[in-house]
Amino acid sequence: MDPAKAKMWRVGCGVAALLFCLLLIPVFSTIRAMVKLAWTVPAAYRPIDSTPRDAVGFGTNRVSFVNSESDIVPGWYNPGTNGGAVVILHGLGGNRGQLVGVARILIDEGWGVLLIDQRGHGEHSANLTTMGRAESLDALAAVEWLRGRDEIDPDRIGLYGASLGAATVIYTAALDPDLACAVADSSYADFNLQAAHDLTMPEAPFKVPKVWQSTIVWIFNQVSRFIIGKWAVYPDPVDVIIDIECPLFLIHGEFDERIDRDQFDILENAAEDAGLDLTAWLVDDAGHCNYRGTEEFRLKITAFFHEYLD
C-alpha cells in the first residue's frame, strides 16, 4: 500500500476508534446508572415510623453499633427474660420494623430480640444493598454486640431472617461457627438464577427474552463491580451453606412468586449433601413469606428455637 494511503488509513482507523469510544461513554454511563439503581433501595422505604416501644413492646430500646467496615448499624433491642437472644433480619425494601410480629413471638417465649437495619435500609449509614453479602457484616456485628451484654448468654444466640435477611443468615452462619442456630426464611440460592427470574417479574422495567437473560445478567455482574466492588463477585448462598456448623432451619413457600421454589431445593440439597443439622419446611400452598401470621409458623419456629436456644 502506498505510504500516504497507509498513513491515511491509520489516521482514519484511529479517528473511528476514538469516535466509537466516545459513543461508548454515555452508553456505559447509562448502564452504570441503571445497575446502581438496582442496588439502591428507594428512599421511601427507609424511614422508621414508629418508636421501639410502640413497635415491639415495653422494655425495647433504640441501640446502634459499628460493623467491621465502620458502618453504623441501628436497631431495636429487647433483652427478654431467659438469657437467649435472636438477631432478626428484614427483607429487601424493609427495615427493622418489618418483622416486629416475629419479634413479639420470640419475646413471648422469653428470648431477647435485636432487630437491625441492614445496609441500604432504614437508618443504616451505608447506602447500597448487596443481597446479603456485605449485610452479613451487619449481622456479625449484631451478634458480637449481644455477646457483650451481661444479660445474654453468648452461647445462646440465634438468627432469623426473611427473604434478603434469609440470605444474610446463611452468609453470617457460614462465618460464625459459634452461633446456636439459624433460621433462613425464603432465601435465594444462586444470584444469577434469581437475577434472571427478576427479569420475568411483572415489575421488571422491561421484558427480556429468555435467550438474552444470561447475557443481561453477565453484563449486570460486570458493571456491578464498579458499584459494590468485591461483593459483586462474592460466593452465592449455595456455595457457603456448606460451611455452616450450627443447626439450620430452611423455610420456603411452595408457590413463592418472588424467589422461586427451585432455589429452596438447591439450598436443601446442598445442606443435606454437606451433612448439616438441617430442618426444612416447604409451606404448602404459600407464597413469599405470607405465612408468618399463622399458628403453624409460630409453633414451628418456637419449637426450633426452644430446641437449640434453651
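Every number here is computed from the coordinates shown, using simple stated rules; none is lab data. The structure presented is a predicted model; accordingly, all values stated were derived computationally and were not measured. So basically every Cβ, Gly included, is an ideal-geometry build from the backbone, and we count neighbours across all protein chains shown.
Per-residue extension of 0.36 nm, minus the Cα-Cα distance of THR294 and ALA43, leaves a gain of 87.3 nm for this segment. Can you list residues from other chains, or at least 5 along the same chain, whose modelled amide H is less than 5 Å from the amide H of PHE65? The list, which skips near neighbours in sequence, is VAL73.
Couplings 3J(HN,Hα) for the stretch 185-196, derived from phi with the Karplus relation 6.51 cos²θ - 1.76 cosθ + 1.60 (θ = phi - 60°), are 9, 6, 8, 7, 10, 10, 4, 4, 5, 5, 5, 5 Hz, where x marks Gly and Pro. 3J(HN,Hα) along the stretch 92-97, derived from phi through the Karplus expression 6.51 cos²θ - 1.76 cosθ + 1.60 where θ = phi - 60°, amounts to 4, x, x, 7, 5, x Hz, with x in place of Gly and Pro. Here the scattering of the stretch 230-310 is modelled by Debye summation over its C-alpha atoms, one equal scatterer each and no solvent; at q = 0.15, 0.19, 0.20 Å⁻¹ the log10 of I(q)/I(0) is -0.62, -0.94, -1.01.
Separation of the stretch 159-180 and the stretch 97-147, taken as the distance between their Cα centroids, equals 10 angstrom. Counted by Cβ distance under 13 Å from ILE107, the other residues give a net charge of +1, where Lys and Arg count +1 and Asp and Glu count -1. Maximal additional length on extending the SER214-ASP284 stretch stands at 22.1 nm, based on 0.36 nm per residue less the C-alpha distance. Note on ASP155 and MET34: their simple-model spin labels are 5.4 nm apart, each label 7 Å out from Cα toward Cβ.
Scanning residues 5 or more positions from PHE249 or on other chains, those with amide H under 5 Å from its amide H are ALA182, VAL183, ALA184, THR279, with H placed 1.01 Å from N in the peptide plane. Computed with the Debye formula from one identical point scatterer per Cα of the chain, without solvent, the log10 of I(q)/I(0) at q = 0.11 Å⁻¹ comes to -0.67.
Within the shell defined by Cβ-Cβ distances under 13 Å, the residues around TYR291 carry a net charge of -4, with Lys and Arg each +1 and Asp and Glu each -1.
Residues whose amide H lies under 5 Å from that of VAL41, counting only those 5 or more places away or on a different chain, are THR129; hydrogens are built 1.01 Å from N in the peptide plane. Taking label positions 7 Å along the Cα-Cβ direction at both THR302 and ASP265, the computed distance is 3.4 nm, reported to one decimal. Using r as the Cβ-Cβ distance of ASP273 and SER64, and R0 as 45 Å, what FRET efficiency do you calculate, to the nearest 0.05? Efficiency at R0 = 45 Å is approximately 0.70.
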